[in-house]
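So the structure is just underneath, and the comments pick up after that.
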Ligand SMILES: Cc1cc2nc3c(=O)[nH]c(=O)nc-3n(C[C@H](O)[C@H](O)[C@H](O)COP(=O)(O)O)c2cc1C
């Protein structure tokens with residue numbers, strides 16, 4: 001097994017997936033995504049995150065209706081909401097972003113599809129989420145990640161741009 005090749009291949013093949021089949025994701029696989037999320041680095045190792053795994057279609061449909069940039073929640077069976085506690089760390093949204101990227105990459109490696117859909121910093125999106133699930137006051141949702149099996153093939157984007165690299169030698 002060439003781990004280096006596999007990791008790089010996952011990084012380079014990850015893409016946002018917004019169309020999903022009806023197939024449900026097992027609890028073991030959802031938990032594996034969360035383990036990947038919690039393996040992320042965090043400032044001062046504070047780990048100021050909480051993860052809500054929503055597998056309730058009624059709640060997902062409601063949020064799809066109310067969140068204009070997360071309409072794909074209507075067509076998926078699961079979503080992970082990555083939340084952070086600003087009382088625990090000023091870096092909460094950075095730490096939670098690292099956790100999110102780990103989840104997106106783990107999903108790609110597992111043949112699952114996902115997309116980062118933003119909640120923070122939009123007050124109205126945060127309110128919609130807080131209205132639909134019970135979250136403690138000091139905890140802020142950073143994003144909602146729909147998780148499912150991809151329907152069709154979505155293309156990855158090639159973003160390599162050497163003009164953005166500045167070699168200092
Ligand atoms: C901070 C952040 C916020 C995003 N918010 C949304 C969103 O609200 N809705 C959505 O459909 N995609 C959202 N995306 C996904 C981007 O549109 C996507 O990553 C970008 O178009 C690049 O495509 P790729 O992920 O396939 O490489 C977001 C991505 C990031 C990093």
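When only alpha-carbon atoms are used, what values of Rg and Dmax, in angstrom, describe region 76-169?
That works out to 16.2, 53 Å for Rg and Dmax.
So for the chain: antiparallel DSSP bridges make up what percent, rounded to the nearest 5? Could you put the intermediate results ahead of the total?
Values: 19 of 20 bridges.
Antiparallel: roughly 95 percent of the beta bridges in the chain.
Mean shadow of the chain, computed from the convex hull of its alpha carbons, in nm²? Don't skip to the answer; put the middle values down first.
Numbers: hull surface 48.6 nm².
Convex hull of Cα atoms, orientation-averaged projection: 12.1 nm².
Can you work out the FRET efficiency for the pair residue 22 and residue 90, with r the C-beta to C-beta distance and R0 = 45 Å, to the nearest 0.05?
On the way: r = 42 Å, r/R0 = 0.93.
Computed FRET efficiency for residue 22 and residue 90 comes out at 0.60.
Zone of residue 66 (label point 7 Å along Cα→Cβ, backbone N under 18 Å): which residues in region 125-152?
In region 125-152, the label zone of residue 66 (backbone N under 18 Å from the point 7 Å along Cα→Cβ) covers 125-146.
Taking the Cα centre of each part, how many Å lie between region 87-151 and region 56-74?
Taking the Cα centre of each part, region 87-151 and region 56-74 sit 14 Å apart.
Note the full-extension length gain between residue 133 and residue 98 as 0.36 nm times their separation in residues minus their Cα-Cα distance, in nm to one decimal. Intermediate values should be presented prior to the final figure.
Working: separation 35, 0.36 × 35 = 12.60 nm, distance 2.33 nm.
My answer for the length gained is 10.3 nm.
Among 15, 71, 27, whose mean-square fluctuation peaks in a Gaussian network model of the chain (Cα, cutoff 10 Å)?
For the chain, modelled as a Gaussian network with Cα springs under 10 Å, the answer is 27.
Can you tell me the order of 153-161, 122-130, 83-91 when each peptide is scored by its average per-residue count of other Cβ atoms within 10 angstrom, highest first?
Numbers: 153-161: 8.6, 122-130: 16.1, 83-91: 18.1.
Those peptides, ordered most packed to least, come out 83-91, 122-130, 153-161.
From Cα pairs below 8 angstrom and at least 6 apart in sequence, can you work out the relative contact order of the chain, rounded to a whole percent? Intermediate results must be reported in sequence, preceding the final value.
Working: 288 pairs, mean separation 55.0, N = 169.
That works out to 33 percent.
None of the figures in this text is laboratory data; all of them are computed from the coordinates on show. Since the model is a prediction, treat every value here as computed from it, not as a measurement. With ideal geometry, Cβ positions are generated from the backbone for all residues, glycine too; neighbour counts draw on all protein chains shown.
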